[in-house]
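Q: Mind having a look at this structure? Questions to follow.
Just so it is clear, none of the values below were taken in a lab; they were calculated from the coordinates. This is a predicted model, so every value here is computed, not measured. Every residue, glycine as well, gets a Cβ built from its backbone with ideal geometry; the counts of neighbours run over all protein chains shown.
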Amino acid sequence: MVRVPARQGDWVFFVTFGQEQGDHVFDESITEDGVLSWQSQPAQRLTDDVIQELIGHDEQINNIYLFLRTKSRAPYCYLGTIGYLTHDSSREKPVHFQWQLLQWPVPHDTMDRIGLSPTTVPSPSLVEPTTQPSAGISFSAPPLPKTARQGVSSDDFRHRKSPDYSAQDARNRALGLQGELLVLEHEKNTLIAADRRDLAERVTHVSVTEGDGAGYDIHSFLPDGRDRYIEVKTTQGDARTAFYISPNELAFSVKNPGTYVLYRLYQFDKNAQTAQAYVLKGDLTAQLALSPLAYKAELQVAPDQ
């Protein structure tokens, strides 16, 4: 790997599968979800400045450009930029990382040309719910906030090569719709169980009938008739998977703290139509760590003539 001149925090990775350095044979691969298992130089430790810089890499600010070949002496092929997923917190010399290819999937003809065969990783089994799920949803308390990037154990590193689900979720409208339908059914069943079938018949799938501009997905009710505005975020990842939320959705939660609810569905099983979930109520700006990804800019001062 080499630094990009005059661009602090930017790197270029040159990866050759099966490469040897001294007594060390690099064990590197890419999964079907675009997760790159990568190892540092054999002499590097977890505490090295360069390794700490890579652990703290933020793909929204800096870039790591990946050039890869599957055989030595073959030409390198550019596969786009990569983002940090995790690292092995116990192994060093070399340090083991997992990165997400941000432009994945690459074209099939590119993979054929360089001889890239993505590996298959068995999906981790879903956590068994402690109670019988209602309409496919089992609720739990929200997870504790993330601390600094601590990495994972060697066993988790080897067996859980999970992709960046947040990026996949943002592109997967079908997944989002399935999650909304699951919550819609749950809300109706809850009202029917409370002997409020009249309210259940008035529950509305607003994101379908009006589009995504309302600031919420479902208009439901509490059994006493009070309004309940529900935003649904769905992932196949775990409870800590980040999600994207629009300025409109945030603004609606601020304006309607007494009636706004966010259902975070995770470990969604599209075949069984089940999910784990936690719920956030009220003003989301007080409960979420928000990262700006883009700005709308206008001139604030007159430009120099």
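Q: Among the listed pairs LYS71/LYS161; LYS71/LYS270; LYS93/LYS161; LYS146/LYS255, give every one whose C-alpha distance is greater than 32 Å.
A: Listed pairs above 32 Å: LYS71/LYS270.
Q: Relative contact order, percent, of the chain when contacts are C-alpha pairs under 8 Å separated by at least 6 residues?
A: 14 percent.
Q: Sequence gap at least 6, Cα distance under 8 Å: using those rules, report the relative contact order of segment 2-105 to the nearest whole percent.
A: 31 percent
Q: Tell me, how many Å apart are the Cα centres for segment 66-103 and for segment 279-298?
A: After rounding, the separation between the Cα centres reads 31 Å.
Q: Arranged by the count of other C-beta atoms within 10 angstrom, fewest first, what order do HIS96, HIS205 take?
A: HIS205, HIS96
Q: If you rank SER29, SER117, SER253 by fewest surrounding Cβ atoms within 10 Å, what's the result?
A: So the ranking, lowest neighbour count to highest, is SER117, SER29, SER253.
Q: Under the rule of -39500 (n - 2.57) per DSSP H run of 4 or more residues, summed and divided by the residues of the chain, what mean residue ellipticity at 222 nm is obtained, to the nearest 500 deg cm²/dmol?
A: -6000 deg cm²/dmol
Q: Right, next: If you work out mean projected area of the Cα convex hull in nm² from the coordinates, which of (i) 21.5; (ii) 19.7; (iii) 23.8 do you get?
A: (i)
Q: Where both partners of a DSSP beta bridge lie in segment 2-105, what percent of those bridges are antiparallel, to the nearest 5?
A: Beta bridges within segment 2-105, antiparallel portion: roughly 75 percent.
Q: What does the extension gain come out to for GLN300 and ASP156, with contour length at 0.36 nm per residue minus their alpha carbon separation?
A: Full-extension gain reported as 46.9 nm.
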